[in-house]
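In what follows, a structure is listed as structure tokens, so that the remarks can point back to it.
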Amino acid sequence: MAKELLNVRDLHVTVEDREILRGVDFTVRAGETHVLMGPNGAGKSTFGNALMGNPAYHVTGGEASFQGQDLLGQSVSERAKNGLFMSFQNPLEVPGISLENFMRTALEQRTGQRIRIWDFRKDLKAVLGVLQMDQSYARRDLNVGFSGGEKKKAEILQLLMLKPSLAILDETDSGLDVDAVRTVSRGVEEFQKNQDAALIIITHSTGILSSLHVDRVHVLVEGKIVAEGDASLIDGISKNGFVAYEGAAHA
């Protein structure tokens, strides 16, 4: 059996004194791709932010371990160094720091080693090629003046360069046109080739999932996981939406 990367038990999370997650269990093993789906406001992004350590999200109960170590007691930087990665719905703009320099610094922090610029740029060129992106893209200030699609591509570029053990992709396909979705999907497929790593894809739509291998689907409604299954769940949701799960959180 593959190595367990993430183990979450009975997780409760509040935001501004309002309970959003009401007892979530979630286990992810190396090589797996999990999809967390649900209607808007279900708590999907809350789950990702709580795992990443966003201070606005307060864990009030439950436990979570990552690679066998307590996750909730770690700082945000410790979680990132240990191999946890999250792409955001609305990435921040950072004037004065190029995407290339940001990634190189983050990679050195993650590995604890100095990285030769020649080796870094060689790897960067290869990843830009996979995503069919121009080389000049990496020299631009991080997310400054980027379109929504460009910001999402930058997140996937970071994913492939940093090579985390577990990546959480939060609504990565939100607001993207067809071509951008293809580019993002291509990057995710490339990441899936690493059988020592795993993915959690958070989404309320099914567009990005059509070309991806999915091992497990979890449906989150009103802060609780109300259904779980294999990729066949996606087809039902694509056809009928989340109507069948309404009220299930109170059952």
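The values are calculated or read from the model by the stated rules, or taken from the named source; none is laboratory data. Treat the numbers as computed from the prediction; the structure is a model and nothing was measured. A quick note on method: Cβ atoms are made from the backbone with ideal geometry, for glycine too, and the neighbour counts reach across all protein chains shown. With ligands, DNA and RNA removed, areas are computed over all heavy atoms of the protein, side chains included. Shrake-Rupley method; radii C 1.70, N 1.55, O 1.52, S 1.80 Å.
What the Cβ-Cβ distance of L212 and E19 gives, at R0 = 35 Å and to the nearest 0.05, is a FRET efficiency of 0.65. The residues S45, S238, sorted by heavy-atom accessible surface at 1.4 Å with ligands and nucleic acids left out, run S238, S45 from largest to smallest. Calculated [222 nm] ellipticity per residue, helices only, for the chain: -10000 deg cm²/dmol; basis is -39500 (n - 2.57) per DSSP H run with n ≥ 4, divided by all residues, nearest 500.
Carbon-plus-sulfur accessible fraction, the chain (probe radius 1.4 Å, protein heavy atoms only): 47%. Overall, the chain carries a charge dipole of about 860 debye about its Cα centre when +1 sits on the Cβ of Lys and Arg and -1 on the Cβ of Asp and Glu, all other atoms neutral.
Pairs of Lys residues in the chain, spaced 8 or more positions apart or belonging to different chains, with C-alpha separations under 21 angstrom: 22 in total. If you take all other residues with their beta carbon under 9 Å from the beta carbon of A64, and give Lys and Arg +1 and Asp and Glu -1, the sum is -1. Of the listed residues R216, R121, the order by accessible area with a 1.4 Å probe, largest first, is R121, R216. The residues neighbouring T33, those whose beta-carbon lies less than 12 Å from its own, together hold a net charge of -1 under the Lys/Arg +1, Asp/Glu -1 convention. In terms of packing, defined here as the mean over residues of other Cβ atoms within 10 angstrom, the peptides 37-43, 125-131 line up highest first as 37-43, 125-131. With a/c under 1.5 counting as rounded, go ahead and sort region 86-137 into rounded, prolate or oblate using the C-alpha gyration tensor (a ≥ b ≥ c being the square roots of the eigenvalues; past the cut-off, prolate if a/b is larger than b/c, else oblate). Since a/c reaches 1.5 but b/c is at least a/b, the shape of region 86-137 is classed as oblate. Judged by the mean number of other Cβ atoms found within 10 Å, the most tightly packed of the peptides 163-169, 11-17 leads the ranking 163-169, 11-17. Think of a 1.4 Å ball rolled over the protein heavy atoms: region 39-81 then has 47 Å² of accessible area per residue.
Think of region 90-156 as a dipole: +1 on every Lys or Arg Cβ, -1 on every Asp or Glu Cβ, centred on the Cα centre; then among M133, G112, N143, G112 lies furthest on the positive end. Entry comment: accessible area of region 140-204 is 35 Å² per residue, from protein heavy atoms only and a probe of 1.4 Å.
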